[in-house]
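For reference, the structure discussed in these notes is given below.
The values are calculated or read from the model by the stated rules, or taken from the named source; none is laboratory data. Every value quoted in this text rests on a predicted model; they were computed, and no experiment measured them. Cβ placement follows ideal geometry from the backbone for every residue including glycine, while neighbour counts extend to all protein chains displayed. SASA here: full protein model, heavy atoms, side chains in, ligands and nucleic acids out. Shrake-Rupley method; radii C 1.70, N 1.55, O 1.52, S 1.80 Å.
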Amino acid sequence: MGPLLPPFLSFASGIALGGSLGFGYAAAIGALLLSLLLVIFFYLKKYRFSPLALIPLFFSLGTLYAIPYSTPEIPSNHILYRVREDPLAGRAATQIEGVVDLVESTGRRTKVWLDLDGIYGRSGWESSSGKLLLTVNARVELLPGDRVRALAMLSEPRTFGNPGEFDYRLWLKRRGALVTGYVKSERLVERVREGEGAAAFLQKTR
């Protein structure tokens, strides 16, 4: 790989660090323009070119590339807005409905990645969107593709660790989940319709 190794590593570093540093489009484009001016300056001054001069440029390109994944666009009916507007969402259970994307059993608990499409509000069932990580305080038999209703306490995930520690909120964000939910009992989870398709078949045969 030779001379291309430093730019390649800087691009990969930009992708990896862009999300955790909180780079937005303005910051990433500004850094990209500055680094591009630096390369042009070296070229016009006829300094001896080195691949190291491309490191800032490729790092900026990496952060720009990562922004759509680290900071996705949030639609107006996203469940995150409902949680932020309702201070009781984390203590009072909310009825939600959606399609199971993935099920992970951990000990006596079950983690369900749910693609939400409905929430029970003041006027009845309302359209909603967003992916949630539901933690059910029991073992529940669900499969990808199942449509379920659940009574869950919803909250926006937070990270209270020291710098350098595992960032739980960022980990969830990279998997598309901006809200978490807690379900006290398996009796509060209802399968409305069984799932179909390859993902459900594969999990059935495990």
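Any idea how many residues of segment 179-201 are surrounded by 11 or more Cβ atoms within 10 Å (Cβ to Cβ), at pLDDT 55 or above and part of a helix (DSSP H, G or I)? Explain how you work it out, then say what you get.
Restricting attention to segment 179-201, the residues satisfying the condition of being surrounded by 11 or more Cβ atoms within 10 Å (Cβ to Cβ) are 179-186, 188-192, 194-196, 199-201.
Next cut, at pLDDT 55 or above only: 179-186, 188-192, 194-196.
Those left that are additionally part of a helix (DSSP H, G or I): 186, 188.
Residues flagged as surrounded by 11 or more Cβ atoms within 10 Å (Cβ to Cβ), at pLDDT 55 or above and part of a helix (DSSP H, G or I) within segment 179-201 amount to 2.
What is the one condition in (1) surrounded by fewer than 17 Cβ atoms within 10 Å (Cβ to Cβ); (2) part of a loop (DSSP other than H, G, I, E, B); (3) aliphatic (A, V, I, L, M) that L170 does not satisfy?
The one condition L170 does not meet is (2).
How many residues are more than 15 Å from the chain's Cα centre (by Cα) and either closer than 14 Å to G181 by Cα or open to solvent by less than 60 Å² (accessible area, probe 1.4 Å) (or both) when one looks only at segment 88-116?
The initial filter retains those residues of segment 88-116 that are more than 15 Å from the chain's Cα centre (by Cα), namely 88-100, 103-111.
Now restrict to residues that are either closer than 14 Å to G181 by Cα or open to solvent by less than 60 Å² (accessible area, probe 1.4 Å) (or both): 88-100, 103-104, 107, 109-111.
Total satisfying the criteria: 19.
Mind checking which residues of segment 81-106 are of a type in the set (K, R) and within 23 Å of E186 (Cα to Cα)? Show your work before the answer.
Step one: filter segment 81-106 for residues of a type in the set (K, R), giving 82, 84, 91.
Of everything in segment 81-106, just one residue is of a type in the set (K, R) and within 23 Å of E186 (Cα to Cα), namely R91.
Looking at L134, L151, L143 in this structure, which one is of a type in the set (A, V, I, L, M, F, W, C), open to solvent by 20 Å² or more (accessible area, probe 1.4 Å) and in contact with a Leu (Cβ under 7 Å, 6 or more places away or on another chain)? Working first, answer last.
Details: L134 fails: open to solvent by 20 Å² or more (accessible area, probe 1.4 Å); L143 fails: in contact with a Leu (Cβ under 7 Å, 6 or more places away or on another chain).
Just one listed residue meets the conditions, L151.
Can you confirm whether segment 36-57 contains a residue that is on the phi < 0 side of the Ramachandran plot and at pLDDT 85 or above? If you could, list the steps in order and put the result at the bottom.
Residues of segment 36-57 on the phi < 0 side of the Ramachandran plot: 36-45, 47-57.
Retained after the next criterion (residues that are at pLDDT 85 or above): 36-37.
Looking for residues that are on the phi < 0 side of the Ramachandran plot and at pLDDT 85 or above, one finds at least one in segment 36-57, hence yes.
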